[in-house]
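No lab work stands behind these numbers, since they all come straight from the coordinates. The shown structure was predicted, so the numbers you read here are calculated from the model rather than taken from an experiment. No Cβ is skipped: glycine too gets one built from the backbone with ideal geometry, and neighbour counts run over all protein chains shown.
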Amino acid sequence: MAVNDNDLALLQAYLDGEMPISECEGLWRRLAVEEELTAELDRLRAEAGMRQVVWTSLEPNDDALTQLQDNILREARRQDARARVSGSLRTIMTAAACIMIGIGLGWMGHDRWAGLWRGATVTATHQASLGGGPGPTLGGGPGAMLGGGKFVVTVSDSSGRVVAAPQFNTFDEARQFIDDLAKAQANRGGIHEVVPAGDQF
Amino acid sequence: MSTDETSPQAKVATTEELFEQAVRQHSRRLLAVARAIVGNRASPEDVVQQAFMNLYQHRHRYDWRQPGGLVRRTVVNEALRMLRQPRMASLIDDTLEAAQVHSPGRQVMESETILQVRRAIDRLPDNFRAALVLCEYEKMSYAQIAESLDASIPQVKTWIHRGRRQLGEMLRAYVNQD
């Protein structure tokens, strides 16, 4: 009886160790009585043996193997070194970027504050009441006396917004504040003018 | 002690040390597998090196205590990937001649037969060749091969079966030609 494709697949599974033991017993019984099947198994074994020699012949010799291993390990170390360098570079670049951003923001902020100071015009006027009177003012004086006997000095920016309105118990204190403010503004160099207004000043 | 074993008393090896152990332990067989799969169409050394480098790049993701399956699967995939690249033309077939130089003790006739078998293996489709070498050289089960090649077990059985049949036919033609 000729060996068909199914038997061939069966024999190959047997040689590959992929046949369950229960099926192996059936195959052994057939091999005992079917000569063609036995011959086919021997042929497959011989071919597998030949291929085994071929597979083994593909193995590298020691020199080639050592060279390959050295190349791999050298490349791995190189990769590590590259990673370390790029990590350090990344840290340095990040720090530099942070510093640059900080400087940039500081510079922009400085310009803004300086501009604000430079653009400010502070004047003092004699006001009859808190927050009274249009325009940038720094007001104070007896006329600005509140009900509790306090003197109010309003400080306005160039666009007329009141930025501060400190209260003082005496006229002298209010006068002193205006003088100090004038000195401070003069020191900053960005003040256009301080105009104490009103007879009292 | 086997490098794949670990004991609590033993100094804990770093990933890099385990990687180096894997390279030393497995590269001989991996190179043979790569040679069998890429034949003369790519450099098997490049395949193995690239596979190891791919693994090294993401080394912390893997368990390096038993890396055999991992590195084998990576080499097989890398070899098949290289073969899929269109620029891969046949290299000069110096590996076959090198086989003779590497085995000076073998009889000329035997070398000639080996050469013919290797040439026949080279002519097999890529998947047939990969399945055959994993089955016969690496002694992997059909299930393991299927996992490595991302295929089903019946597919692997078919590849191995057809590969062997085609090899047999090619070699019979060679014998008849002589």
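Numbers below:
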{"quantity": "Lys, Arg +1 and Asp, Glu -1 on Cβ, resulting dipole of region B:10-73 about Cα centre, debye, nearest 20", "calculated": "240"}
{"quantity": "Region A:5-19 and region B:39-85: distance between their alpha carbon centers, rounded to Å", "calculated": "30"}
{"quantity": "Charge-dipole axis of region A:1-109 as Lys and Arg at +1 and Asp and Glu at -1 on Cβ define it, positive-most pick from A:Leu68, A:Gly104, A:Pro20", "calculated": "A:Gly104"}
